[in-house]
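S.K.: One structure, pasted below without further comment.
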Amino acid sequence: MLSGIMFPIELLPKTFETIGKLFPATWGYKLLAENAFKFESLLPLLLIFILATVMCSILLRRIDK
């Protein structure tokens, strides 16, 4: 709901709009809704993916100890 898929993100309060930008669905929806591919729209998804990979590797190392 915070990604703008169900209703426009502009209808949300600014706080929820900012929080919604942390979810990959927001950026994925923007990629799907655009008429042309823009690499700068892919950057937030790439950043979220890298952060998730780093967090998973840190947590897996903690389990192995």
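The values are calculated or read from the model by the stated rules, or taken from the named source; none is laboratory data. On a predicted model such as this, the values are computed, not experimentally measured, just so you know. Cβ coordinates were reconstructed from backbone atoms using ideal geometry, including for glycine residues, and neighbour counts include every protein chain displayed.
S.K.: Kindly provide the set of residues from region 27-65 that are touching a Pro at 6+ places or on another chain (Cβ under 7 Å) and under 22 Å from PHE7 (Cα atoms), ordered by number.
M.R.: Scanning region 27-65 gives TRP27, LEU45.
S.K.: Look through region 16-65, keep the residues that are β-branched (Val, Ile, Thr) and modelled with pLDDT under 90, and return whichever of them is surrounded by the most Cβ atoms within 10 Å (Cβ to Cβ).
M.R.: THR26
S.K.: A further question on this structure: Report, ordered by the first and then the second residue, all pairs with beta carbons closer than 9 Å, sequence separation of six or more or different chains, a first member in region 32-56 that is farther than 14 Å from LEU22 by Cβ, and a second member that is surrounded by 10 or more Cβ atoms within 10 Å (Cβ to Cβ) and polar (S, T, N, Q).
M.R.: Cβ pairs passing all conditions: GLU34/SER41.
S.K.: Same structure, new question: Is at least one residue of region 1-15 among the basic types (Lys, Arg) and assigned to a loop (DSSP other than H, G, I, E, B)?
M.R.: No, because not a single residue in region 1-15 is among the basic types (Lys, Arg) and assigned to a loop (DSSP other than H, G, I, E, B).
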